[in-house]
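Chemist: What follows is a single structure, and I will ask about it in a moment.
Please treat every number below as a calculation from the coordinates, not as lab data. Just so it is clear, the model here is predicted, and its values are computed rather than measured. Cβ: placed from backbone, ideal geometry, glycine included. Neighbour counts: every protein chain shown.
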């Protein structure tokens, strides 16, 4: 045998032996900071599970999911992929550099649109935008995430697959609330577009569908008594500002400020500008899009998470935390406790989006020193967390209810708390989802205190996706640990984009 062959075999054997020792003897990973989730744990043994094969399958899944130094190996893989990818240069279609992506396409029957009303004309939704990012380079990363730009200004965008006829059920939910509560309660409907609508370059537009047609369709189906809150034009006017996070699928607190301002105008309540707020910053923030896209350029482009704390108004925040089972269903709730509305995160923390209220799995009630008799409920997903902090000058009370976690009866809750206003505030993925509609309707009829059992199976048709657990952060109040915000659920109705890729909305990590 030639000497070089022996050397080659020795190197391969050594590498194999090192990996065998690492993977078989080193401590297993428990939490993935990269994917912002807890990794699988060793399964519980039973003879029945061994007999039907589920135990060995779960052991295999645990072994592959909890490998030692999981995040470090994933980052190494990302660096190699980044270095070996073809450069994105030129002015033709090749400027869009495609990475491997999941080939997932949603399904569902298309909802027929009714005759358009006058809502769209009344609120003057813009039909087009001046795209200042037309020449930006772009590439498609894992899960169909669109990566735009380079260096410190990289932005990760989530492809949207919905059609112009979608979202009708979201409007119907708002209409139902107006029917139930009548003239005693003002009902508002806000649809929050994602950053893709404003920052996707022309070269990647074929990888995603426009969101404006869906928003128009939702507003056209609102009953006359429901007030649309058009933040689309508002956000478009401010898109050169930091209204969306670059490394996260959410918008930024500044985007929430402009949206809250428009809502206050429609609601006819006072509103204070940013001169009445203290600007605070968490530096070095890298959000959810790094874990979803698995693109190292996102991690290498951290940003400032800038938020605003109101000054000159008194407010007291009361929480009720929900206990959640493995299927992210509510199995119980804690006692009310008072804590801060704003949570402080260390620089570099990936949990900074939970600065407001510490997360989603709770009922939040804020009582303010504003005395005008107006009390608002915000029905929301995690995008809605950016709104309430700007409304303390506007409402006597602000109640925040997540579309996934609410155990009381809505009619009783509105009556007991003398609610005067209800705002539906969901991102376009949630607005498109029938699960959101079903949740809001269930709130009207459910018996207070009805909880799932700890081992209850998740109802795929009725429950929207839940956010996965993340590693605990150090927070100062009541031992309340923020959870990672939700990923918008994929629309049930999709329109197939042009080739060469089918964008896939990432599942919750």
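Chemist: Measure off 7 Å from each Cα along the Cα-to-Cβ vector at residue 202 and residue 233, then give the distance between these two points in nanometres to one decimal.
Modeler: So the two model labels end up 2.6 nm from each other.
Chemist: Sort the following peptides by mean Cβ neighbour count (other Cβ atoms within 10 Å, averaged over residues), highest first: 411-422, 200-211. Don't jump to the answer; show the numbers that get you there.
Modeler: Numbers: 411-422: 16.8, 200-211: 21.6.
By packing density, highest mean first, the sequence is 200-211, 411-422.
Chemist: Oh, and also: Suppose R0 equals 60 Å. What FRET efficiency, 1/(1 + (r/R0)^6) with r the Cβ-Cβ distance, do residue 63 and residue 442 give to the nearest 0.05?
Modeler: Working: r = 39 Å, r/R0 = 0.65.
Rounded to the nearest 0.05, the efficiency is 0.95.
Chemist: Using Cα centres only, tell me the gap between segment 233-267 and segment 346-375 in whole Å.
Modeler: Rounded to whole Å, the Cα centres lie 17 Å apart.
Chemist: Report the extension gain between residue 318 and residue 18 in nm, rounded to one decimal, defined as 0.36 nm multiplied by the number of residues separating them, less their alpha carbon distance.
Modeler: Result for the pair: 102.7 nm of gain on full extension.
Chemist: Using a basic spin-label model with each label point 7 Å from the Cα along Cα→Cβ, how many nm lie between residue 265 and residue 6?
Modeler: 8.2 nm
Chemist: Further question: Using mean Cβ contacts within 10 Å as the protection proxy, how do 326-336, 187-197 order, highest first? Spell out each step's value before the answer.
Modeler: On the way: 326-336: 15.1, 187-197: 25.8.
So the peptides 326-336, 187-197, ranked by packing, come out 187-197, 326-336.
Chemist: Another question about this same structure. Applying a 10 Å radius around every beta-carbon, put 227-237, 47-57 in order of their mean neighbour count, most first. Please list the in-between numbers first.
Modeler: Details: 227-237: 20.3, 47-57: 11.5.
Listed from highest to lowest mean packing, they are 227-237, 47-57.
Chemist: Can you figure out the FRET efficiency of residue 54 with residue 274, using R₀ = 45 Å and their beta-carbon distance, to the nearest 0.05?
Modeler: Computed FRET efficiency for residue 54 and residue 274: 0.25.
Chemist: Given an 8 Å cut-off on Cα distances and at least 6 residues of separation, report the relative contact order of segment 132-198 as a percent. The partial results should precede the final answer.
Modeler: Values: 49 pairs, mean separation 14.1, N = 67.
The value is 21 percent.
Chemist: Taking only C-alpha pairs under 8 Å that are 6+ residues apart, what is the relative contact order of segment 343-446 in percent?
Modeler: So the answer I get is 29 percent.
Chemist: Where the centre of each part is set by its Cα atoms, how far does segment 282-339 sit from segment 151-208, in angstrom?
Modeler: Cα centroid of segment 282-339 versus Cα centroid of segment 151-208: 21 Å apart.
Chemist: To continue, here is another question. Considering only DSSP beta bridges whose two residues both sit in segment 119-445, what percent are antiparallel, to the nearest 5?
Modeler: 60 percent
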